[in-house]
Amino acid sequence: MVQLSALGGGVNDPARTATAYVHRDALFNASFGAVIATGPVGEAAPTAARRRADAGFALLDPHTSGET
């Protein structure tokens, strides 16, 4: 799953250094997630899910603020 959350508006009001959240000028937040069935799935499902999330992050990372 890829989730994109729009930012802006009130999120950008405080200064970047006012809180621990430094992404005040970002246009959106991207999150990767996976749901893995419970039970005897072995290591294949979690490994594949992690590989997909890592590939998505690698694809987006060059276009980020570098603070992720």
Task: Restricting the range 7-38 to residues that are hydroxyl-bearing (Ser, Thr, Tyr) and assigned to a loop (DSSP other than H, G, I, E, B), the residue that is surrounded by the fewest Cβ atoms within 10 Å (Cβ to Cβ) - done: Thr38
Open item on the list: For the structure I just gave you, tell me whether Arg52 is surrounded by 11 or more Cβ atoms within 10 Å (Cβ to Cβ), in a helix (DSSP H, G or I) and out of contact with any Gly (no Cβ under 9 Å at 6 or more places or on another chain).
Closed with: yes
- [ ] Among the candidates Ala34, Ala58, Ala44, single out the residue that is among the hydrophobic types (A, V, I, L, M, F, W, C) and over 15 Å from the mean Cα position of the chain (by Cα).
- [x] Ala44
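Values in this text are rule-based calculations from the coordinates and carry no lab data. Quantities reported herein were computed from a predicted structural model and do not represent experimental measurements. Backbone-built Cβ (ideal geometry, glycine too); neighbour counts: all protein chains shown.
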